[in-house]
Amino acid sequence: MGYGFHLLFMLYQLGMGAFRIICIYALFTTRTESVSAACGGDSLWIFVLCRVVLPFVLALLGAPFYLCRRRLIPTDKTLYLFYWIPLILSSAFLTGFVVLGFVLTSDAMGRPACQAELVAAGRFLDSPLLANAGWVYVALDALGVSFCLGCMVLLLYMQLLR
């Protein structure tokens, strides 16, 4: 692959790293009783925490498969399953996060007291940072679902041409 792809990948990773730092800040500042009471519980906080931690857990789980990739090269009979199963599981997983994140974030933002507490907890930023992080994760997950569906359409097209 060319240097352009690697540069874009590095920029993406730097941006996601900065976003995760902002999310961690939001998680630390909003872990209070007043935010929990105003927002109807800790569900939004737990959602954002899961979305921050999940990529690291998936990387740890995926590392053995990456290290054994030469032994996992599929045969012609299993080639379709080798690509379809991860795409279907990923799209289902991300769709669940889109729905869950949308419900939790819109519920929190629908409560004026919750918005006020999130703004107050954000101290100098003057915005409901935790809820904004929830919306960003909903958008990123929706993009992930779109990418998986696009890959499935492309894979189906390639299989039909065979």
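FYI, it's all coordinate maths here, none of it is from the lab. If you're wondering where the values come from, they're calculated on a predicted model, not measured in any experiment. Ideal geometry is used to build each Cβ from the backbone, glycine not excepted, and the neighbour counts take in all protein chains shown.
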Practice task
Once you've got the GNM for the chain with C-alpha springs shorter than 10 Å, pick whichever of Ala108, Ala59, Ala38 has the biggest mean-square fluctuation.
Solution key: Ala59
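Counting other beta carbons within 10 Å of each residue's own, what order do Cys68, Cys23 fall into, fewest first? All intermediate terms of the calculation are to be shown ahead of the outcome.
On the way: Cys68 9, Cys23 21.
Fewest-to-most Cβ neighbours within 10 Å comes out as Cys68, Cys23.
Work out, step by step, the length gained on full extension between Leu160 and Val53: first 0.36 nm times the residue separation, then minus their alpha carbon distance; give nm to one decimal. Present the calculation step by step, with values, prior to reporting the outcome.
Working: separation 107, 0.36 × 107 = 38.52 nm, distance 3.85 nm.
Fully extending the segment from Leu160 to Val53 adds 34.7 nm.
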Problem - Degrees separating the helix 129-161 axis from the principal Cα axis of the chain, which is the longest one - result: 10 degrees
Completion exercise
Between the modelled labels at Phe124 and Ala18 (7 Å from Cα along Cα→Cβ) the distance in nm is 1.8 nm
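When only Cα pairs under 8 Å and 6 or more residues apart are kept, what is the percent relative contact order across segment 3-161?
Values: 112 pairs, mean separation 50.9, N = 159.
Averaging sequence separation for qualifying contacts and normalising by length gives 32 percent for segment 3-161.
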Problem - Euclidean distance between Cα centres, segment 113-159 to segment 1-27, Å - result: 15 Å
Practice task
Report ³J(HN,Hα) in whole Hz for each residue of segment 110-115, in order, from the Karplus equation J = 6.51 cos²θ - 1.76 cosθ + 1.60 where θ = phi - 60°; Gly and Pro get x.
Solution key: x, 9, x, 5, 5, 4
Completion exercise
About its Cα centre, segment 3-161 carries a charge dipole, from +1 on Lys and Arg Cβ atoms and -1 on Asp and Glu Cβ atoms, whose size in debye to the nearest 20 is 580 debye
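Could you work out how much longer the chain between Thr32 and Trp84 gets when fully extended? Use 0.36 nm per residue separation minus the Cα distance between them, nm to one decimal.
On the way: separation 52, 0.36 × 52 = 18.72 nm, distance 4.31 nm.
14.4 nm is the gain from fully extending Thr32 to Trp84.
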Handout entry: Cβ-isolated cysteines (cut-off 4.7 Å), the chain
Key = Cys23, Cys50, Cys68, Cys148, Cys151
Completion exercise
By the mean-Cβ-within-10 Å protection proxy, highest first, 86-96, 148-158 rank as 86-96, 148-158
Handout entry: Cα-based helix-to-principal-axis angle, 79-109 vs the chain, degrees rounded to 10
Key = 10 degrees
Practice task
Rank these for me by crowding, Asp126, Asp141, going from fewest to most other beta carbons within 10 Å.
Solution key: Asp126, Asp141
